[in-house]
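Beneath this line is the structure, given in structure tokens, with notes to follow.
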Amino acid sequence: MNPEKPGAADSANSNGKPIGDDEFAALMGRLGPFEEQPNLAVGCSGGADSTALTIMLHRWARRRGGILTALIVDHGLRSDSAAEAKTVAKRLSNLHIPQSILSYRGTPFLGDIQSAARQTRYELLTEWCADNDCLHLFVAHHLEDQAETVLLRLARGSGIDGLAAMAPVTEGRNTRILRPLLSVSRVRLRATLSEHRMTHVEDPSNDNVVFARVRMRALQAGLSGEGMTPRRLAATAARHARARSAIEGDIAMLLARSAILYPQGYGSLVPEALKNAPEEIGLRALSRVVTCVSGGIYPPRLDRIERLYDWIRNDMPSRGRTIAGCRVLKRGSTLLICREPSAANDRIPARGEAFWDGRFRLRFGKRATGEIRRLGQEGWREAVSIAPTLRQTPIPAAVRPSLPAIWSENGLNAVPHLDFYNREATCRPSRKTSICFTPRQPLLPARFTLQKGRYTLSN
């Protein structure tokens, strides 16, 4: 990244008026209510958009006796990324804004680097919020970002959910992700930075045409000439969001009647309930279950869900299907949806608190050692050879290989879901290990309610 001062040309633009405190308070009012002394966090890369949002949030929180912490994620994608993060932290410190650098030091990103980095970024941000009792996490997506998202979803043939693009409020397991700037243009954010005499950095990947979002951005000037302006595309997203909201209750009712989630990370569905529901509701319910069991952040593409839905309506003529790292299998009158073992390829240390495969949160005792990885067929055979009664487990055979297990150099140490703890292990595992199925996307979104000045999770 290279430092760059906010351009005077932006603020001179007739649409480039800086955002004042009163206007920002009105934008925040749409996302509230908030506590009397709100505890907020914001993802801040040091770019123009997130820096402008950080400054405005800091002023807003300070006037209400609250606190804002800027979270700076260092993905480690470049050799100088750690130094860049420290530079951003120093600039924020000069403004008396508390900040924390969150560093990723896992395995290198492969394949779709932008997608993997984005997923890791949200994991780091939301985990920090959960650890610091911070419910409200802000991100700086703005008007043009929303328009680009709509175009990307159109290109993929998305339905209502996809074309609704990014929601102003997304309620997750422990965190509300808030986007107050979806109606604000990029030029106004830069004008706001200019007014506060604040510099920002530019990420070179923002101009790299290897990435689809950058190519969509390049098309926007021509599309605007045909009437597809960012504001009209964002309005399209808002209309689809209204339609999505209108049918959320029907989806929840269908899932309540037809779906069961199990603590071992798999689910079952009653196919007849899906067939008898309106097609749009059935497709969405099916997508929710697959997304939840897969541990992913985003649902499968609509065309893939449609093919799976057609397979179900045709009475599942073949042995099974795979989708989004999941297996879908017919089991009597129900469908079994479980993780595909080869997709559950996380390998992480079995220490402290760990989040494995986007699905399970594990907590270990102080003396814990080893590595968390899937049980696999080899692990199942080893466990059964030590404890033959495990064959009586009610956990389906298709599910067992993708269960999280603790391994050492000498073999299998433990499988918490099977209550298996190898007494012969060199590093004897502790039964104090706790495990919980907490997928990145719950089957139904959380609902937080402000009661007596404090947010609580609604039933």
Q.
From the list 355, 364, exactly one residue is at pLDDT below 95 and in contact with a helix residue (DSSP H, G or I) (Cβ under 8 Å, 6 or more places away or on another chain). Which is it?
A. 355
Q: Output the residues belonging to segment 64-88 that are free of Cβ contacts under 8 Å to residues at least 24 places away in the same chain and either touching a helix residue (DSSP H, G or I) at 6+ places or on another chain (Cβ under 6 Å) or of a type in the set (Phe, Trp, Tyr) (or both).
A: none
Q. Listed residues 395, 372; which is of a type outside the set (Gly, Ala, Ser) and part of a loop (DSSP other than H, G, I, E, B)?
A. 395
Q) Which pairs do you get when a residue that is over 13 Å from residue 142 (Cβ atoms) and not assigned by TED's automatic domain parsing to the domain that holds residue 15, found in segment 188-199, comes within reach of a residue that is part of a loop (DSSP other than H, G, I, E, B) and among the hydroxyl-bearing types (Ser, Thr, Tyr), reach meaning Cβ atoms under 7 angstrom, with the pair 6+ apart or on two chains? A) none
Q: Answer with yes or no whether residue 293 is in a helix (DSSP H, G or I), within 23 Å of residue 162 (Cβ to Cβ), touching a residue at least 60 places away in the same chain (Cβ under 8 Å) and touching a Pro at 6+ places or on another chain (Cβ under 8 Å).
A: yes
Q. If you go through segment 180-237 one residue at a time, how many are at pLDDT 90 or above and small (Gly, Ala, Ser)?
A. 7
Q | Candidates 403, 418 - the one that is closer than 23 Å to residue 439 by Cβ and either touching a residue at least 60 places away in the same chain (Cβ under 8 Å) or charged (D, E, K, R) (or both) | A | 403
**Q.** Flag for residue 385 being farther than 19 Å from residue 261 by Cα and either in the same structural domain as residue 328 (by TED's automatic domain parsing) or without any contact (Cβ under 8 Å) to a residue 12 or more places away in the chain (or both)
**A.** yes
Q.
If I ask for residues that are assigned to a loop (DSSP other than H, G, I, E, B) and under 28 Å from residue 280 (Cα atoms), which ones from segment 214-262 would you list?
A. 228, 247, 262
Q | Residues being within 22 Å of residue 22 (Cα to Cα), assigned to a loop (DSSP other than H, G, I, E, B) and within 26 Å of the chain's Cα centre (by Cα) - total across segment 67-105 | A | 1
Q: Assess whether residue 395 counts as being in contact (Cβ under 8 Å) with a residue 60 or more places away in the chain, β-branched (Val, Ile, Thr) and not assigned by TED's automatic domain parsing to the domain that holds residue 320.
A: yes
Q: Return yes when residue 193 is within 15 Å of residue 72 (Cα to Cα) and not in a loop (DSSP other than H, G, I, E, B) and no when it is not.
A: no
Q.
For segment 210-219, check the following and say yes or no: at least one residue is in contact with a His (Cβ under 8 Å, 6 or more places away or on another chain) and either within 28 Å of residue 126 (Cβ to Cβ) or loosely packed, with under 14 Cβ neighbours inside 10 Å (or both).
A. no
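For (1) in contact with a strand residue (DSSP E or B) (Cβ under 8 Å, 6 or more places away or on another chain); (2) at pLDDT 95 or above; (3) in the same structural domain as residue 375 (by TED's automatic domain parsing); (4) surrounded by 19 or more Cβ atoms within 10 Å (Cβ to Cβ), each residue gets a yes or a no:
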| residue | (1), (2), (3), (4) |
| --- | --- |
| 273 | no, yes, no, no |
| 277 | no, yes, no, yes |
| 316 | yes, no, no, no |
| 322 | yes, yes, no, no |
| 348 | yes, no, yes, no |
Q | Single residue of 161, 145 found to be acidic (Asp, Glu), at pLDDT below 90 and over 20 Å from residue 92 (Cα atoms) | A | 161
Q) Just checking, how many residues over segment 292-306 are among the hydrophobic types (A, V, I, L, M, F, W, C) and at pLDDT 95 or above? A) 3
Q) Can you name the residue in segment 125-168 that is under 23 Å from residue 187 (Cα atoms) and among the charged types (D, E, K, R) and is also nearest to the chain's Cα centre (by Cα) among such residues? A) 145
Q. Of the residues that make up segment 36-49, is at least one part of a loop (DSSP other than H, G, I, E, B), among the charged types (D, E, K, R), in contact (Cβ under 8 Å) with a residue 12 or more places away in the chain and under 21 Å from residue 146 (Cα atoms)?
A. no
Q) For residue 21, which of the numbered conditions (1) touching a helix residue (DSSP H, G or I) at 6+ places or on another chain (Cβ under 9 Å); (2) surrounded by fewer than 16 Cβ atoms within 10 Å (Cβ to Cβ); (3) modelled with pLDDT under 95 fails to hold? A) (3)
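The values are calculated or read from the model by the stated rules, or taken from the named source; none is laboratory data. Here the structure is a predicted model, which means the values were calculated and not measured. Don't worry about glycine lacking a Cβ; one is built from the backbone with ideal geometry, like all the others, and counts go over all protein chains shown.
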